[in-house]
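Here it is, the structure in full.
The values are calculated or read from the model by the stated rules, or taken from the named source; none is laboratory data. The structure presented is a predicted model; accordingly, all values stated were derived computationally and were not measured. Cβ placement follows ideal geometry from the backbone for every residue including glycine, while neighbour counts extend to all protein chains displayed. Surface accessibility is based on the protein's heavy atoms, side chains included, excluding ligands, DNA and RNA. Shrake-Rupley method; radii C 1.70, N 1.55, O 1.52, S 1.80 Å.
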Amino acid sequence: MEITCKNCQQVYRGHYCNNCGQSAETHKINAHFLWHDIQHGLLHFDKGILYSLKQLFSRPGHSIREFIEGKRARHFKPLSLVAVLATLYGLMYHYFHINLYSYSGNVEGINYSEFNEWTSTHFSWITIATIPIYSIGTYICFKKQGYNFVEFFVLNTFKASQRLFAHIITFPFLLYFNGTPKITLFVKILYIIDVLLIFWTNIQFFNKISKLKALLLSILSHLIFLTIFYLIVIVVVLMITKF
């Protein structure tokens with residue numbers, strides 16, 4: 001039976017309009033419609049996040065490669081995922097007053113108490129801002145593998161979500177060591193976990209080259225990231241101390 005789409009007036013057959021994608025079934029807007037819409041939205045939101053996180057900790061590189069190649073229906077959108085996780089972690093960081101510095105006050109013109117507070121309240125933006133820097137290193141080292149810069153950006157966006165969720169899972173330990181000298185050691189352990197997750201994901205993602213080559217290029221890529229990142233930090237600190 002032919003159906004005329006109520007959204008774009010396209011005549012089509014089936015359950016969805018082949019022009020704009022609207023469903024053939026448009027229910028009357030009432031309390032039942034609203035409740036169904038809320039349930040569908042929440043379930044889709046939860047399932048998408050849970051599915052993506054499960055994939056990122058069971059077969060990260062393979063699932064991200066499949067996403068880039070077009071298998072995307074069950075995944076949560078990468079930028080939305082990293083924004084949600086970064087916001088959640090930033091709120092936890094801020095609410096529990098986590099301080100990663102063993103000192104406070106002014107040192108060389110920098111108020112580390114204020115800097116820590118600013119970091120916690122802008123954590124999501126800081127996390128997202130580092131993704132292009134990671135992508136530069138990945139692009140330089142893996143550009144012969146046939147992916148463009150935006151695809152590397154998507155790869156690193158998923159990897160950022162992976163690291164953020166690892167931080168959220170281990171947050172009770174961060175809270176336990178908060179305000180003690182041991183927090184510095186724990187942060188170093190977290191950093192090692194982050195790097196291992198990056199290398200593991202890259203080795204799976206770049207499966208057309210040997211694991212050893214993927215590992216060595218991943219190390220080089222991370223060194224490029226660190227170089228660019230610390231250069232930016234130095235410039236920002238110099239600007240702060242100057243003004």
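Restrict the check to region 200-209 and report whether at least one residue is in contact (Cβ under 8 Å) with a residue 12 or more places away in the chain, part of a loop (DSSP other than H, G, I, E, B) and closer than 25 Å to Leu91 by Cβ. I'd like the intermediate steps shown before the answer.
Step one: list which residues in region 200-209 are in contact (Cβ under 8 Å) with a residue 12 or more places away in the chain, which gives 200-209.
With the extra rule that they be part of a loop (DSSP other than H, G, I, E, B), the set shrinks to 206-209.
Within this subset, residues satisfying the condition of being closer than 25 Å to Leu91 by Cβ are none.
Checked against the condition, which is being in contact (Cβ under 8 Å) with a residue 12 or more places away in the chain, part of a loop (DSSP other than H, G, I, E, B) and closer than 25 Å to Leu91 by Cβ, region 200-209 yields no hits at all.
Yes/no per residue for (1) out of contact with any Lys or Arg (no Cβ under 7 Å at 6 or more places or on another chain); (2) crowded, with 20+ Cβ neighbours inside 10 Å; (3) at negative phi:
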residue	(1), (2), (3)
Gly137	yes, yes, yes
Cys141	yes, yes, yes
Phe177	yes, no, yes
Phe205	no, yes, yes
Lys208	yes, no, yes
Leu212	yes, no, yes
Leu215	yes, no, yes
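Something else now. Give me the pairs: first residue in region 1-18 and assigned to a strand (DSSP E or B), second residue surrounded by 14 or more Cβ atoms within 10 Å (Cβ to Cβ) and aliphatic (A, V, I, L, M), beta-carbon distance under 8 Å, and six or more apart or on different chains, which are they?
Ile3/Ala24; Val11/Ile3; Tyr12/Ile3; Tyr16/Ala24
For region 210-243, enumerate the residues that are assigned to a loop (DSSP other than H, G, I, E, B) and touching a Gly at 6+ places or on another chain (Cβ under 8 Å).
none
Of the conditions (1) under 19 Å from the mean Cα position of the chain (by Cα); (2) farther than 15 Å from Ile98 by Cβ, Leu220 clears all except one; give me its number.
All conditions are met except number (1).
Restricting the first residue to region 220-232 and requiring it to be open to solvent by 80 Å² or more (accessible area, probe 1.4 Å), which pairs with a second residue that is of a type outside the set (Phe, Trp, Tyr) and assigned to a helix (DSSP H, G or I) meet a Cβ separation below 6 Å and a spacing of at least six or different chains?
Leu220/Cys141
Looking only at region 5-49, count every residue that is surrounded by 12 or more Cβ atoms within 10 Å (Cβ to Cβ) and at pLDDT 85 or above and tell me the total.
Qualifying residue count for the region: 10.
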